[in-house]
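The values are calculated or read from the model by the stated rules, or taken from the named source; none is laboratory data. Because the structure is predicted, anything quoted here is derived from the model rather than measured. Note that we place each Cβ from the backbone using ideal geometry, even for glycine, and neighbour counts take in every protein chain shown.
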Amino acid sequence: MRILIAPDKFAGTLTAVEAAAAIEEGWRRRDPGAEVLVAPMADGGPGFIDVLSAVVDGKLLSVTVRGPLGEETPATVLLAGETAYIETAQACGLHLVEPKQRRPEEASTYGVGQLITAAVDAGAKRIILGLGGSGTNDAGAGLLAALGATAESGQLDSGAAGLAGLGSVDLGPARERVAGVEFVAASDVENPMLGLRGATNVFGSQKGISDERKPEVDGWLTHFAELADRKTADKKGAGAAGGLGYALLLLGAERVSGIDLVAELTGLKQKASQVDLVISGEGAFDFQSRDGKVIAGVAKIANDAMRPCVVLAGKVLIGSREMRSMGVESAYALVDAVGEDQAFADPHGSLAAVAERVARTWAR
């Protein structure tokens with residue numbers, strides 16, 4: 001039996017690399033002679049650098065940057081020749097702030113600009129940024145400030161709240177700082193930055209912005225866009241990572257699918273053609289999994305290779321019809337197999353146990 005294991009992270013419990021190891025361990029208990037290919041995946045959010053550093057021939061540059069609320073935060077840039085890879089969540093991720101300490105209206109992407117500066121100073125001419133998992137909603141104003149953008153009144157580096165009193169914005173110094181650098185924004189989000197489908201209204205709740213606050217916060221971002229470039233705010237992906245996509249588009253970035261980028265770098269299509277079964281997974285297999293996420297991308301590649309794809313997840317929250325529309329044959333939930341308490345107490349062991357059970361069904 002030849003299998004390909006290509007999971008996303010199980011948010012809050014296992015990285016993609018750890019999840020892949022657990023699945024392989026469990027499968028081999030039942031089928032020790034299996035030929036296993038392992039390809040941990042990411043869509044641009046947390047785990048982006050962890051996954052790419054295993055397949056990209058480069059070196060890691062350690063950097064200390066501002067976190068979302070100004071605290072010093074360690075981060076890394078993956079350098080491969082004149083190309084640099086940046087995981088923006090390392091500087092502005094939601095996971096960097098404890099739930100009770102979150103202040104989403106003040107959270108800034110300034111640290112992402114510092115990561116870009118570090119990459120440019122190291123000689124990068126092409127910078128690929130993974131967007132996702134952010135705890136910020138500042139339209140990328142902090143990033144632009146770190147690169148040298150200025151404003152009359154208001155503050156670009158103080159989160160969305162700092163945008164309220166802006167009088168004018170000068171992006172010239174930021175663009176000069178990165179002149180000649182090609183930017184690629186890797187993201188699964190196609191939303192614009194403003195309005196009902198924008199960053200604040202769609203993703204604000206998960207960052208701690210209450211429904212009552214959303215109109216005012218969206219208004220601050222609208223004000224900033226009117227000063228910087230209103231048309232760009234309507235482009236696909238401008239709303240990614242709380243508007244971080246917008247700032248990168250202002251710098252001329254090309255937007256690409258995060259999962260497609262990672263799949264290409266990991267050789268996922270070729271691997272899928274060499275196996276009998278493809279296994280993916282994530283923490284919650286739900287309706288959001290359809291929209292540019294890892295499972296949807298892996299399932300499409302498996303189907304293109306005419307290979308079955310199954311999913312192991314912490315929770316499975318969609319039905320069989322929706323699964324099959326994505327190209328997933330079956331899905332197995334940890335909480336159903338071992339219980340929610342055990343799944344969180346021992347995620348590695350629980351995932352391995354479920355993988356062993358799946359092997360009983362699928363191993364030849």
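Region 60-163 holds helices (runs of 4 or more DSSP H) entirely within its bounds, and those carrying 2 or more residues that are in contact (Cβ under 8 Å) with a residue 60 or more places away in the chain and closer than 15 Å to Val178 by Cα map to 110-121, 141-146. For region 43-59, the candidate set comprises residues that are in a loop (DSSP other than H, G, I, E, B) and of a type in the set (Val, Ile, Thr); within that set, the residue that is surrounded by the fewest Cβ atoms within 10 Å (Cβ to Cβ) is Val55.
For the subset of region 117-144 comprising residues that are of a type in the set (Val, Ile, Thr) and within 17 Å of the chain's Cα centre (by Cα), which member is nearest to Ser257 (Cα to Cα)? Per the criteria, the residue is Ile128.
Hey, could you check region 281-317 for residues that are among the charged types (D, E, K, R) and not in a strand (DSSP E or B) and say which is farthest from the chain's Cα centre (by Cα)? Filtering first and then ranking leaves Arg307.
Pull up region 227-256, narrow it to residues that are touching a Cys at 6+ places or on another chain (Cβ under 9 Å) and part of a loop (DSSP other than H, G, I, E, B), then point me to the one that is surrounded by the most Cβ atoms within 10 Å (Cβ to Cβ). Filtering region 227-256 for residues that are touching a Cys at 6+ places or on another chain (Cβ under 9 Å) and part of a loop (DSSP other than H, G, I, E, B), the one surrounded by the most Cβ atoms within 10 Å (Cβ to Cβ) comes out as Ala241. Restricting Ala16, Ala34 to residues that are surrounded by fewer than 24 Cβ atoms within 10 Å (Cβ to Cβ) and not acidic (Asp, Glu) narrows the list to Ala34. Considering every residue within region 137-158, establish whether at least one is surrounded by fewer than 17 Cβ atoms within 10 Å (Cβ to Cβ) and either modelled with pLDDT under 95 or not assigned by TED's automatic domain parsing to the domain that holds Lys236 (or both). Yes, there is a match, as at least one residue in region 137-158 is surrounded by fewer than 17 Cβ atoms within 10 Å (Cβ to Cβ) and either modelled with pLDDT under 95 or not assigned by TED's automatic domain parsing to the domain that holds Lys236 (or both).
What about Lys214, is it under 30 Å from Leu52 (Cα atoms), assigned by TED's automatic domain parsing to the domain that holds Arg102, in contact with a Gly (Cβ under 9 Å, 6 or more places away or on another chain) and not hydrophobic (A, V, I, L, M, F, W, C)? It is false that Lys214 is under 30 Å from Leu52 (Cα atoms), assigned by TED's automatic domain parsing to the domain that holds Arg102, in contact with a Gly (Cβ under 9 Å, 6 or more places away or on another chain) and not hydrophobic (A, V, I, L, M, F, W, C). On the given criteria, is Leu194 in a helix (DSSP H, G or I) and either assigned by TED's automatic domain parsing to the domain that holds Glu152 or touching a Pro at 6+ places or on another chain (Cβ under 8 Å) (or both)? The answer is no for Leu194. One residue stands out among those in region 269-280 that are part of a helix (DSSP H, G or I) and in contact with a strand residue (DSSP E or B) (Cβ under 8 Å, 6 or more places away or on another chain): the one that is farthest from Asp57 (Cα to Cα), which is Ala272. Residue check: is Ser325 among the small types (Gly, Ala, Ser), in a helix (DSSP H, G or I) and more than 19 Å from Met41 (Cβ to Cβ)? Answer is yes for this residue.
Taken together, the residues in region 273-290 that are crowded, with 24+ Cβ neighbours inside 10 Å, out of contact with any Cys (no Cβ under 6 Å at 6 or more places or on another chain) and of a type outside the set (S, T, N, Q) amount to 4.
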